[in-house]
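Asker: Please find one structure pasted underneath; my questions will follow.
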Amino acid sequence: MTAAATFDARLHGAGKFEANPATRDAGWVKLVVLGLGLTYFVIFLLLPLIAVFVEAFRKGADTYFSALIEPDALSAVKLTLLAAAIAVPLNLVFGLAAAWAIAKFEFRGKNLLITLIDLPFSVSPVVAGLIYVLVFGRQGWFGPWFIDHDIKIIFAVPAIVLATIFVTFPFIARELIPLMQAQGKDEEEAAISLGASGLQTFLRVTIPNIKWALLYGVILCNARAMGEFGAVSVVSGHIRGETNTMPLYVEILYNEYQFAAAFAVASLLALLALVTLALKTYVEWRASKLVVEGQGQ
Amino acid sequence: MSASVNKRVLPGFGLSLGFTLVYLSLIVLIPLSAVFLKSSTMTWNEFWTAVTAPRVVASYRLTFGAAFLAACINAVFGLLLAWGLTRYTFPGRKLVDALIDLPFALPTAVAGIALTAIYAKNGWIGSLLDPFGIKIAFGPAGVLVALVFIGLPFVVRTVQPILEDLETEFEEAAASLGANRWTAFIRVVFPTVLPALMTGFALAFARAVGEYGSVIFIAGNIPMVSEITPLIIITKLEQFDYRGATAIAAVMLIISFIMLLIVNALQAWNARRFGRTV
């Protein structure tokens with residue numbers, strides 16, 4: 001191996017390509033590619049993010065904070081937190097169960113099952129809301145029964161939670177399934193043969209192996225659960241102070257031309273998105289460190 | 001497959017698979033089947049009239065046309081951005097890389113009002129284009145802008161890992177055989193990233209077709225001009241036209257299933273080539 005190649009191997013990522021004459025682009029190519037790529041990034045992604053905060057503070061900090069402590073705003077925050085607090089744990093349990101069944105056992109129809117789990121990702125949010133109206137609505141399958149028993153599903157909190165569960169359904173499962181499939185079942189089988197119970201094996205062997213992917217899935221699932229608009233909009237009925245989540249409340253304020261207030265509530269959701277991205281980047285970094293350490297052993 | 005497949009050492013197969021199937025059926029399969037069962041109560045003529053009304057057809061044209069164009073824009077610029085992020089060092093690279101996923105994390109309603117604020121006549125970008133008579137917000141171009149935003153991460157994130165893992169040897173070989181950088185890119189790099197690029201394109205397209213939240217704020221929602229198909233479903237629901245809404249939803253669902261199959265096929269193609277999924 002030449003000295004240049006050894007040096008090359010120590011460089012990571014972009015440096016590796018720029019240090020090598022065969023993969024280094026001319027200066028003007030770099031300028032044009034980065035110029036076009038970053039312009040696209042700025043006008044479609046960075047500016048909207050900045051705009052949220054600029055518009056939120058356009059009428060000053062007083063307007064901003066008073067918009068956030070409105071009772072309707074607080075009840076929207078509460079409902080958003082409630083929907084996420086129900087949807088995320090349920091989808092977490094589902095993700096673990098599905099990944100355990102798919103990764104540790106062989107059965108017929110496994111690929112079909114994996115495809116079906118991904119299905120909610122390709123369904124329009126509006127259709128996701130509509131299906132619960134068809135099932136639980138006044139003219140729906142179970143609607144009349146619930147109306148007779150004085151239980152409100154549609155245009156009430158239960159439908160909002162159901163729609164949220166639907167749109168976030170695959171998030172955790174799809175992070176866990178490929179990872180657990182790749183890890184196989186040798187470690188778990190060893191634990192069982194050494195006398196560990198099923199639960200002990202799961203908690204002490206499986207969970208530590210998948211914790212970063214699990215956290216990653218939970219973070220993304222939570223962001224979508226708190227931010228869902230279309231599906232929730234169909235089933236909510238938009239009753240102020242009762243069935244408005246934060247995204248729906250943003251829409252109401254916006255349509256009432258209360259732009260500063262709309263952007264103030266939106267800025268909370270944008271902050272949530274930024275925290276999500278920061279956590280996600282951290283988890284990716286930790287997970288990649290594990291891979292590097294694993295390769296070193 | 002080894003012999004141990006049939007002897008299940010690990011516990012919990014029945015419980016985990018049983019729970020998975022029950023939960024999947026209750027949350028996803030049974031409610032989705034309602035769309036087709038409800039549609040089947042209509043006669044073929046009723047169904048056909050509902051899904052081919054002029055206003056609905058105009059919405060298909062806009063939804064699929066804008067989704068296709070947005071996916072094309074995202075494919076071209078996403079590839080450039082992925083190339084820039086993997087091949088070049090520049091200040092702020094890590095920050096740009098981390099922010100790429102913003103459209104996945106930012107609620108669509110927030111994206112919608114923010115894009116409207118920027119691309120409206122008095123907005124940061126809208127005011128630059130207005131003197132030239134170019135109107136973005138409150139028209140079909142606004143729909144395109146929103147769909148570019150929500151589809152932005154797909155191509156970058158599918159192409160990026162392939163570019164990162166690409167060994168420098170291939171391009172070294174191309175260079176030593178006398179190829180210039182452009183030829184090496186077209187003949188060596190591009191064919192390698194093509195399956196990932198197409199997967200990203202298909203994912204961005206599928207997402208854009210069903211998108212609602214970010215579009216309705218910026219579209220202006222003018223019937224026959226800038227009204228997307230998901231909005232027509234909502235309008236019909238608000239008029240208690242459940243059958244009409246369901247018929248259009250059935251059309252959208254069938255298209256979703258087709259897109260899902262295409263994406264699966266593209267991912268299988270990619271996996272066969274590189275032994276990995278994207």
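Asker: Got a number for the accessible area of residue B:165? Probe 1.4 Å, square angstrom, nearest 10.
Answerer: 90 Å²
Asker: Could you name the lysines whose alpha carbon sits less than 23 Å from that of residue B:135, not counting residues in the same chain fewer than 8 places away?
Answerer: B:121
Asker: Now for a different question. If the reach is capped at under 17 angstrom between alpha carbons, list the aspartates and glutamates near residue A:110, excluding any in the same chain fewer than eight residues apart.
Answerer: A:118, A:175
Asker: Then there is this: Report the Cα centroid-to-centroid distance between region A:23-64 and region B:191-249 in angstrom, as an integer.
Answerer: Region A:23-64 and region B:191-249 have Cα centres separated by 26 Å.
Asker: Could you sort B:72, A:221 by accessible area so the largest value comes first, with the probe set to 1.4 Å?
Answerer: B:72, A:221
Asker: Counting only the heavy atoms of the protein chains, how much of residue B:55 is accessible to a 1.4 Å probe, in Å² to the nearest 10?
Answerer: 100 Å²
Asker: Which whole-Hz ³J(HN,Hα) couplings does region B:162-168 yield from phi under the Karplus relation 6.51 cos²θ - 1.76 cosθ + 1.60, θ = phi - 60°, glycine and proline marked x?
Answerer: Whole-Hz 3J(HN,Hα) from phi for region B:162-168: 5, 5, 5, 7, 5, 5, 5.
Asker: Under 27 Å Cα-Cα from residue A:289, which lysines qualify once same-chain neighbours fewer than 8 residues away are excluded?
Answerer: Those lysines meeting the cut-off are A:16, A:104, A:185, A:211, A:280, B:94.
Asker: Can I ask one more? How do B:30, A:69, B:73 stack up against each other in accessible area, from largest to smallest, with a 1.4 angstrom probe?
Answerer: Result, largest first: A:69, B:30, B:73.
Asker: Can you give the accessible area of residue A:274, probe radius 1.4 Å, in Å² rounded to 10?
Answerer: For residue A:274, solvent-accessible area is about 50 Å².
Asker: Separate question: Hey, in the GNM for chain B with a 10 angstrom Cα cutoff, which one of B:159, B:189, B:35 fluctuates hardest?
Answerer: Of B:159, B:189, B:35, the most mobile in the Gaussian network model is B:189.
Asker: Charges only on Cβ, +1 for Lys and Arg, -1 for Asp and Glu: so what's the dipole of region B:117-206 about the Cα centre, in debye to the nearest 20?
Answerer: The calculation lands at about 580 debye.
Asker: In whole angstrom, how far apart do the alpha carbon centroids of region B:58-131 and region B:10-51 sit?
Answerer: 34 Å
Asker: Can you put A:286, B:8 in order of accessible area, largest first, using a 1.4 Å probe?
Answerer: B:8, A:286
Asker: So what is the relative contact order of chain A, in percent, for Cα pairs below 8 Å that sit 6 or more residues apart?
Answerer: Relative contact order for chain A comes out at 28 percent.
Asker: If I build a Gaussian network model for chain A, linking alpha-carbon pairs within less than 10 angstrom, which residue out of A:270, A:190, A:98 has the largest mean-square fluctuation?
Answerer: Top of the fluctuation ranking is A:190.
The values are calculated or read from the model by the stated rules, or taken from the named source; none is laboratory data. Bear in mind the structure is a predicted one, so any value in this text is a computation, not a measurement. Positions of Cβ are backbone-derived with ideal geometry, glycine not excepted, and every protein chain shown enters the neighbour counts. For the accessible areas, the whole protein counts, side chains as well, though only heavy atoms, and no ligand, DNA or RNA atoms are used. Shrake-Rupley method; radii C 1.70, N 1.55, O 1.52, S 1.80 Å.
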